[in-house]
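Each reported figure results from applying straightforward, stated rules to the coordinates on display, with no laboratory input. Computed from a predicted structure; not experimentally measured. No Cβ is skipped: glycine too gets one built from the backbone with ideal geometry, and neighbour counts run over all protein chains shown.
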Amino acid sequence: MRPGDEHAYAARQLLAGAFRGVISTHSLEHPGYPFGSLVPYVLGQDGRPLLLLSHLSQHTKNVDANGRSGLTVVQQGSGDVQQLARVSAIGDVTPLPGSPETDRYFDYFPRARAYYDELGFQFYRFDPLRFHWNGGFATARWFGADRIVRINPLNRDTQLRVLAHMNRDHRDALRLYLRGRSTVGSDEPIEIVGLDAEGMDLRVNEDLIRLPLTRTIASADDARAVLAEMARSDGS
C-alpha cells in the first residue's frame, strides 16, 4: 500500500459524496480578493466535479474571466467543526457547452433541469490540480489529482442498466443498504442514482447519500456481485 492510501481513499469518498461545496473564485468586483459561493455538483464520468451555473451569478462571471479557482468540501456532522474531514482543491473551472453528462447531473438533481431548460444555466467542469486533505489531527497532506480523481469504469449505458435493474427489482435491497440510519424513514422512497468503482449514490426524497462499496468494482458483473453481497450482509 502506498503511503497515505487510506487518506486518499477517504478524500475520494468525501469528494464523491458531498454533492455541494464552496467554490472560491477571483472577484471581478474587488480585484485581488477571493469570492466564495456554495454550489451543488456531481462527479462526471471522468471523476471531475460537474457544475451547473447561472450566467447571472457572480461566481460564473468570475470564472468566465479567470477560471483558476478553489473548491472546498466538508464532511457533514455536528460538534467540533475542526474534527470534521475536509478537502480543499485548487484547479480550473471551464465551460462545457453541450455536455453529454446533463442527464447524469439531473439524475442527482432533477429539479435543476428547469434551470437548464428555462433559465439558461450552463454546465462547467472543475478540473483539479491538487487536493489538500484534512481528516483530523496529524492527517493533513497534499495529494496530486492522480491520487484522487478516478474515471468511472462503468460507462453510462452500463450504469443505467444496473441502476434500472436495482430500482425496478431490488428496492428492498436499497432499503437494506440504509438500515440503521435514523434519518431515513421506513416509508420514504429510495432510489439509486449513481454507481462508480468505489461507491453508490442513493436519493431519499431530496437527500443524497453516498455509500462506499465493500470492494472496488470494474465491471457490471462486479457491480451485481458486490451489491448482492452488501444486501445479504446488511440484511443479516
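Cβ crowding within 10 Å ranks GLU29, GLU188 as GLU29, GLU188, fewest other Cβ atoms first.
Taking all Cα pairs closer than 8 Å and separated by 6 or more residues, the relative contact order of the chain comes to 17 percent. Net charge in the neighbourhood of ALA218 (other residues with Cβ under 13 Å of its Cβ; Lys, Arg +1, Asp, Glu -1) is -1.
Counting only the Cα atoms, the chain fills a convex hull of 145 Å³ per residue. Computed over segment 156-234, relative contact order equals 26 percent, with contacts defined as Cα pairs under 8 Å that lie 6+ residues apart.
Count Lys and Arg as plus one, Asp and Glu as minus one, and take only other residues whose Cβ is under 12 Å from that of THR94; the net charge is then 0.
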